[in-house]
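The values are calculated or read from the model by the stated rules, or taken from the named source; none is laboratory data. Please read these numbers as outputs of a predicted model, since none were measured by experiment. Cβ placement follows ideal geometry from the backbone for every residue including glycine, while neighbour counts extend to all protein chains displayed.
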2 protein chains.
Amino acid sequence: MTPSLDGILQQLECAEALEGLQTASVALRDHYNVAHIVYHWVSSSGQQYGCGTYSPEWVARYVEQAYLRVDPVVAGCYQKFHPVDWKRLDWSSKASRAFQKEAIEYGVGNQGFSIPIRGPNGQFALFTVNNDCSDEDWANFTETHRQHLIILSHAFNQKALELEPGRTPLAAQALSPREIDAMTLIAVGYSRAQVAVTLSISENTLRVYIESARHKLGALNTTHAVAKAIARGVIVV
Amino acid sequence: MTPSLDGILQQLECAEALEGLQTASVALRDHYNVAHIVYHWVSSSGQQYGCGTYSPEWVARYVEQAYLRVDPVVAGCYQKFHPVDWKRLDWSSKASRAFQKEAIEYGVGNQGFSIPIRGPNGQFALFTVNNDCSDEDWANFTETHRQHLIILSHAFNQKALELEPGRTPLAAQALSPREIDAMTLIAVGYSRAQVAVTLSISENTLRVYIESARHKLGALNTTHAVAKAIARGVIVV
DNA sequence: TTGCACCTCCCCTAAAATGGTGAGGGAGGT
DNA sequence: ACCTCCCTCACCATTTTAGGGGAGGTGCAA
């Protein structure tokens, strides 16, 4: 007996480890009667995680060959942020075709539908449903379940973020208003001279702000400080 | 008579301009019988757009005062990527409280629920539903409609992206692997000399990468390039 | 009152970054 | 085969930024 969607969502909400996502993937595969459900993401630290129903062999192969940099699904979805049917991706390059051929040999279906979700600090996740069927059947399937799949991708994503280790105590020291002004203008490409004129202060004063902000942010230099400020959302560009 | 949710979604799908989003916002407000529905986003170019049911006075005030940099909803959601209840944001600072007080004077409800969505190249959107009611009622509302609101945020977002002018030639601006290496190391505070050593190349070569990346990113200087690269998710720090 | 954090300004010198151009070899795609 | 993009290195002179110092004024809060 296949579990209900609500049941799976509820179960997902209670999950306390990666295994919970794994179990949910399997349950979803059975629920929808498709070939595969896969969820994988890249954390802010660049670490990759994944769960789903692909065969261990294919996963190992994928990781070993660093296919993340080849996979047109990843590359294509990275430029979008709404659901993407695999057919609409660019499979023209030689590497892509070889990759696809190999994937199918490892039991991956020919049809796919992936939902990218992007978080702050470069987090990027993909929720994928995969099957082996005709174009027409697949179009029907995605049309019918599109909304549920979006909800599911959110649920997976939320859970994944909760489980992510070291997801930032973030004890960020706040910058003063003037420091924020200064860093913001520096971040949009102004030179110190320009920023000083814009803020109607002397360049010497400006430097004090920049130095101060740099120390608060624990940065090694101005560029690093800007990078940290943006990554932490202290300033918005 | 209030339109059905499916009707609104369908109408949204057919929208051909910002007015379509505006109409949908109003329809949604009536459908859910809440105070406000607002959708606003920042494009990759930094341009702000918005639509919704806030009074024109409040919108004008918001823009004029550059409240985007004060609004705790924006600041809070910028660090997350799942729905956020306004109560869970940080309203402790004086500026935040003053902002909130003023917002309420302009007819904004005390309760809010915002769904952030982040696109490639630094696009960032917020779909907000706002109301004036008790904590309990609001908890019930958000609990009940959470999934639909997520779907709606996606629908708005997809439409907004379609409507965004000049929304294409970005994919061509991807950085080469070496450029990413260079920018990443610069972003974590290394000097050019250190980066050159780390990458085992001459500092001259390194500079070519930085310059190339700078041009691709349309940045005025290295710091600006790093800022853009991070904001767009081209590099992860 | 006495801190403390903020804003503002000034001095110094050495190190780093900036701007553009030329040029060779390699890999991939049409 | 040709073309384009990527990787690598080199040269030049100039501007900007880097790291510290010190010092006076405001306003808020314990």
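Tabulated data for the structure shown
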{"quantity": "Subset of region B:187-218 (residues that are on the phi < 0 side of the Ramachandran plot, buried (at least 19 other Cβ atoms within 10 Å of the Cβ) and not in a helix (DSSP H, G or I))", "calculated": "B:TYR190"}
{"quantity": "Any chance A:PHE127 is touching a Cys at 6+ places or on another chain (Cβ under 9 Å), in contact (Cβ under 8 Å) with a residue 24 or more places away in the chain, buried (at least 17 other Cβ atoms within 10 Å of the Cβ) and under 28 Å from B:LEU126 (Cα atoms)", "calculated": "no"}
{"quantity": "Residues located in region B:59-109, provided they are among the basic types (Lys, Arg), away from chain A (no Cβ under 12 Å) and closer than 19 Å to B:TRP41 by Cα", "calculated": "B:ARG61"}
{"quantity": "Those helices (runs of 4 or more DSSP H) lying entirely in region B:1-85 with at least 1 residues exposed (fewer than 14 other Cβ atoms within 10 Å of the Cβ)", "calculated": "B:5-14, B:18-32, B:56-64"}
{"quantity": "Positions within region B:206-224 being within 7 Å of chain A (Cβ to nearest Cβ) and either of a type in the set (A, V, I, L, M) or near DNA strand D (Cβ under 9 Å from one of its atoms) (or both), in sequence order", "calculated": "B:ALA219, B:LEU220, B:ASN221, B:THR223"}
{"quantity": "Options B:ALA227, B:ALA196; residue that is within 13 Å of another protein chain (Cβ to nearest Cβ) and either within 26 Å of A:GLN47 (Cα to Cα) or touching a helix residue (DSSP H, G or I) at 6+ places or on another chain (Cβ under 6 Å) (or both)", "calculated": "B:ALA227"}
{"quantity": "Count of region A:35-74 residues which are closer than 19 Å to A:GLU164 by Cα and among the polar types (S, T, N, Q)", "calculated": "5"}
{"quantity": "Some residue of region B:32-40 being of a type outside the set (S, T, N, Q), out of contact with any Leu (no Cβ under 7 Å at 6 or more places or on another chain) and within 11 Å of chain A (Cβ to nearest Cβ)", "calculated": "no"}
{"quantity": "Breaking point among (1) within 15 Å of DNA strand D (Cβ to nearest atom); (2) surrounded by 15 or more Cβ atoms within 10 Å (Cβ to Cβ), for A:SER176", "calculated": "(2)"}
{"quantity": "Residues being of a type outside the set (A, V, I, L, M, F, W, C) and either surrounded by fewer than 19 Cβ atoms within 10 Å (Cβ to Cβ) or not assigned by TED's automatic domain parsing to the domain that holds B:GLU57 (or both) - total across region B:101-120", "calculated": "7"}
{"quantity": "Single residue of region B:170-184 satisfying the filter (within 12 Å of chain A (Cβ to nearest Cβ) and in a loop (DSSP other than H, G, I, E, B)) that is modelled with the highest pLDDT", "calculated": "B:ALA174"}
{"quantity": "Tally of residues being β-branched (Val, Ile, Thr) and either modelled with pLDDT under 90 or near DNA strand C (Cβ under 8 Å from one of its atoms) (or both) across region A:190-237", "calculated": "9"}
{"quantity": "Test: A:LEU28 is under 30 Å from B:LYS159 (Cβ atoms), in contact (Cβ under 8 Å) with a residue 40 or more places away in the chain and assigned by TED's automatic domain parsing to the domain that holds A:PHE113", "calculated": "yes"}
{"quantity": "Some residue of region A:65-85 being under 16 Å from the mean Cα position of the chain (by Cα), closer than 21 Å to A:CYS133 by Cα and of a type in the set (Ser, Thr, Tyr)", "calculated": "no"}
{"quantity": "Any hit, region A:157-170, residues being farther than 28 Å from A:VAL74 by Cα and either among the polar types (S, T, N, Q) or surrounded by fewer than 21 Cβ atoms within 10 Å (Cβ to Cβ) (or both)", "calculated": "yes"}
{"quantity": "Residue within region A:183-191 that is touching an Asp or Glu at 6+ places or on another chain (Cβ under 9 Å), without any contact (Cβ under 8 Å) to a residue 12 or more places away in the chain and within 16 Å of DNA strand D (Cβ to nearest atom) present", "calculated": "no"}
{"quantity": "Check on B:ARG146, within 13 Å of another protein chain (Cβ to nearest Cβ) and charged (D, E, K, R)", "calculated": "yes"}
